[in-house]
Amino acid sequence: MENKEDDFYIGYVDNISVKTKKTVTNFVFFGILTLITIAVIFAFTQNTFKNSTFELTTNTKIMGVYHEMPYPMLKVKTAENTFKNILLLGFGKSSANPFLKKIRNEISQLSGSMVSIEGNLIYYNGKTLLQITNDEKITLVEKANSQKLPQTKSLVKDMELKGEIIDPKCYFGVMKPGKGKIHRSCAVLCISGGIPPVLATTDENNISEYYLITDLKGNPINKKILPYIGKPSLLTGNIVQLEDWYQLQIDVNTIKDLNRPSKIY
Amino acid sequence: MGVNYQPVLWNRNKKIYDKWIVIGMLIYLLCFIGITIITNNETSVETLIIRAFGTLAIALLHIILVIGPLARLNSKFLPLLYNRRHLGVSMFLAALVHGGFSVFQFHSLGNVNPIYAIFTSNMDYGSLANFPFQVLGFFALVILFLMAATSHDFWLKNLSPKTWKRLHMMVYLAYGLIILHVFLGALQQQPSIGSIAIMSLGFITIATLHLVTGSKETKADKTKTQHIENGWEYVCDIDEVPEDRAKIFIVGKERIAVFKYDNKLSAISNVCKHQGGPLGEGKVVDGCVTCPWHGYQYLPHNGQSPPPFTEKIATYRLKNDNNKIYVLPEALAEGTEVEPITF
Ligand code: HEM
Ligand code: FES
């Protein structure tokens, strides 16, 4: 005689004893409560996201004077006598240069030319960038006129600045967070793909300033700066103003890792 | 069982199980996504997906890892073990969404192959503070993939239960990698008491349950037989074995199960051919020893699965001397018929 009182669960037999059922029901109930608790904790402990924007699905056409000092930008008139320099970027983790090849071949001089470009805007905290996804969407409006190029102004020599080297594409909108350890690998790939490195600083009053980083001669740096990206660092260099942007001219070897925030607890 | 590699077929219990997996996952995602959109609405869709699915995967992994020891400690939890592979595959899918989106977002569209980029875009392998935590997640995901891909009984057969079991024990390695992945990654950039506490609590719960279960089983292993007479080992008295149930002993180096049914006693290997389940914790149902884990069945007097199934386990000779049970420690060939002792 089989002992029916003796509770034994067999998965493929549909009936299940009351006691076992109760244990399983309690487990499911408790499990779902645990899931909710975990979701609440992880959701609430995220840092606040910035209101940076990437218009992934909206194309915007902008017109302005192209220049590269040394990074590709478009000087766009926003009102009478006010201009904004929009940093140009390529698709994905690439600089604008591959997308500018075609127009460079078509016209003798691109710098100083008035061009119109259609792409996706990226903006945050007063800075605007444009992602170019198609080299067909760049058209010449007016031939080069060096008078229209922006003026640079040397401001300070040997200035010390603390901050984090970021890739501006992600930082100003494409990714959240677009800085720090989580984002570091991505920033490294962006900058090695030709996107200009930018130093982001924040002062005691939480006011941020941004500096396009070049070498001491004002040429682009990409590969050499990779080991310093996404970490709090101390940079020393000369500051040059390019209208609404600053540039920081440095010797890469003088960058100091501050070994700060991304600390181990 | 052995005939078509599908011993664990669809049935009502599995459907209920799967329904609750889906409900649990949806509740989790709704909570995480809802709270984030309401309280932190500047998030990006990609980050929302990456975080919702990453944290869902680790939450599910904890649930998976507590079921094992709970079922060992109390047989009423066994129904949770029965269909755990579906929970495992669901967890893998959540982890895949997380890892896939992360690789696409952070490592793709660059000037090198994304997988190569996971390993090379951050080369600070020597530093804890800067360690490339994505590499740890990647290896964990590979392990979870191998487990999910081989979860079907077809693979259990083809890889042999031993290899299969070894592969699936790697879940603990994956768990360790994921813990490091989180502590050296997200928790470094946004440390908070809440998230560190919940991760630590999870780890402590799993470690404690495994230690408790482990020590209980080691104790059980110590109940070795004492008297040996002419090669026969005394194991227990007849009335110590409950009706339709077994007692487990170690004779030689093997665990055996001595079953009592219909005024008879038979001894078989304690190890189920399916996934090594403890047959001695099973029950004789319809004349067959039934494994507590997934219900494989064996006839107690010959260790053979009833036709059409083909599994066979070792049997042992028993002797009754004044209501004292003695076992001959040599295992007989799998499926050997042994006359049960009667009383
Ligand atoms: C290719 C494999 C993987 C990659 C590239 C990867 C990448 C990442 C990244 C970049 C983050 C930070 C995301 C952020 O906070 O914005 C992260 C966090 C996290 N990952 Fe992974 N991961 C991988 C695999 C896994 C696996 C297999 C699991 C667990 C099953 C996992 C669980 C988590 C958890 C719980 C977090 C913290 C919460 C979060 O921020 O999303 N990851 N992972
Ligand atoms: S039935 Fe799966 S281990 Fe015995």
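A few notes on this one:
- Counting only residues that are in a helix (DSSP H, G or I) and open to solvent by less than 10 Å² (accessible area, probe 1.4 Å), the stretch A:61-102 holds 1 of them.
- Residue in the stretch B:233-242 that is assigned to a loop (DSSP other than H, G, I, E, B) and in the same structural domain as B:N323 (by TED's automatic domain parsing) present: yes
- Unmet requirement for A:N51, which otherwise passes all of (1) over 29 Å from B:A59 (Cβ atoms); (2) facing chain B (nearest Cβ under 7 Å); (3) without any contact (Cβ under 8 Å) to a residue 12 or more places away in the chain: (3)
- Among the residues of this structure, B:Y261 counts as one that is aromatic (F, W, Y), within 14 Å of chain A (Cβ to nearest Cβ), open to solvent by less than 50 Å² (accessible area, probe 1.4 Å) and without any contact (Cβ under 8 Å) to a residue 40 or more places away in the chain.
- Candidate set from the stretch B:124-145 (those that are without any contact (Cβ under 8 Å) to a residue 12 or more places away in the chain and farther than 17 Å from B:Q189 by Cα); member that is farthest from ligand 2 (Cβ to nearest atom): B:G126
- Hits in the stretch B:111-154 (condition: open to solvent by less than 30 Å² (accessible area, probe 1.4 Å), of a type outside the set (A, V, I, L, M) and either more than 7 Å from every other protein chain (Cβ to nearest Cβ) or more than 8 Å from ligand 1 (Cβ to nearest atom) (or both)): B:S121, B:N122, B:N130, B:P132, B:F133, B:G137, B:T150, B:S151, B:D153
Conditions (1) away from ligand 1 (no atom under 16 Å from the Cβ); (2) of a type in the set (G, A, S); (3) within 19 Å of B:Y82 (Cβ to Cβ), marked per residue:
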| residue | (1), (2), (3) |
| --- | --- |
| B:I23 | yes, no, yes |
| B:Y28 | no, no, no |
| B:F32 | no, no, no |
| B:I38 | yes, no, no |
| B:S44 | no, yes, no |
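- Any chance B:V182 is more than 16 Å from ligand 2 (Cβ to nearest atom) and surrounded by 19 or more Cβ atoms within 10 Å (Cβ to Cβ): yes
- Any hit, the stretch A:148-155, residues being at pLDDT below 95, assigned to a helix (DSSP H, G or I) and away from chain B (no Cβ under 14 Å): yes
- Taken over the stretch A:134-174, the residue count meeting the criterion of being within 17 Å of A:S95 (Cα to Cα) and among the basic types (K, R) is 2.
- Any hit, the stretch A:20-43, residues being more than 16 Å from ligand 2 (Cβ to nearest atom), in contact (Cβ under 8 Å) with a residue 12 or more places away in the chain and part of a helix (DSSP H, G or I): yes
The rows are residues; the columns are (1) more than 7 Å from chain A (Cβ to nearest Cβ); (2) in contact with a His (Cβ under 9 Å, 6 or more places away or on another chain); (3) small (G, A, S); (4) more than 30 Å from B:D153 (Cα to Cα).
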position: B:Y17; (1), (2), (3), (4): yes, yes, no, no
position: B:W20; (1), (2), (3), (4): no, no, no, no
position: B:C31; (1), (2), (3), (4): no, no, no, yes
position: B:I38; (1), (2), (3), (4): yes, no, no, yes
position: B:E46; (1), (2), (3), (4): yes, no, no, yes
position: B:A52; (1), (2), (3), (4): yes, yes, yes, yes
position: B:L60; (1), (2), (3), (4): yes, no, no, no
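- Of the residues making up the stretch A:143-179, those that are surrounded by 20 or more Cβ atoms within 10 Å (Cβ to Cβ) and either over 11 Å from the mean Cα position of the chain (by Cα) or not assigned by TED's automatic domain parsing to the domain that holds A:D203 (or both) are A:G163, A:E164.
- The strands (runs of 3 or more DSSP E) falling completely within the stretch B:286-334 that include 1 or more residues that are crowded, with 19+ Cβ neighbours inside 10 Å and within 14 Å of ligand 2 (Cβ to nearest atom) map to B:288-290.
- Subset of the stretch B:97-108 (residues that are within 11 Å of chain A (Cβ to nearest Cβ) and open to solvent by 40 Å² or more (accessible area, probe 1.4 Å)): B:F104
- Inclusion of B:K157 among residues that are within 16 Å of ligand 2 (Cβ to nearest atom) and more than 14 Å from chain A (Cβ to nearest Cβ) is warranted.
- Some residue of the stretch B:85-96 being in contact with a helix residue (DSSP H, G or I) (Cβ under 9 Å, 6 or more places away or on another chain), without any contact (Cβ under 8 Å) to a residue 60 or more places away in the chain and facing another protein chain (nearest Cβ under 9 Å): no
- All positions within the stretch A:16-42 that are surrounded by 17 or more Cβ atoms within 10 Å (Cβ to Cβ) and in contact with a Lys or Arg (Cβ under 8 Å, 6 or more places away or on another chain): A:T20, A:T23, A:V24, A:F42
- Looking across B:L80, B:L73, one residue alone is under 30 Å from B:C291 (Cα atoms), surrounded by 19 or more Cβ atoms within 10 Å (Cβ to Cβ) and away from ligand 1 (no atom under 13 Å from the Cβ). It is B:L80.
- Being within 9 Å of ligand 2 (Cβ to nearest atom), open to solvent by 10 Å² or more (accessible area, probe 1.4 Å) and either farther than 27 Å from B:G68 by Cα or touching a residue at least 24 places away in the same chain (Cβ under 8 Å) (or both) is a property that B:G276 has.
- Set B:F249, B:F203, B:F259: member being within 16 Å of ligand 2 (Cβ to nearest atom), aromatic (F, W, Y) and either not assigned by TED's automatic domain parsing to the domain that holds B:C288 or not in a loop (DSSP other than H, G, I, E, B) (or both): B:F259
- Among the residues of the stretch A:181-230, those that are open to solvent by 10 Å² or more (accessible area, probe 1.4 Å), outside any helix (DSSP H, G or I) and closer than 15 Å to A:C170 by Cβ comprise A:G193, A:G194, A:A200.
The values are calculated or read from the model by the stated rules, or taken from the named source; none is laboratory data. It should be emphasised that the depicted structure is a prediction, and the values quoted were computed from it without experimental measurement. Here the Cβ is made from the backbone with ideal geometry for all residues, glycine too, and neighbour counts use every protein chain on show. The area values use the complete protein model at the heavy-atom level, side chains included, leaving out ligands, DNA and RNA. Shrake-Rupley method; radii C 1.70, N 1.55, O 1.52, S 1.80 Å.
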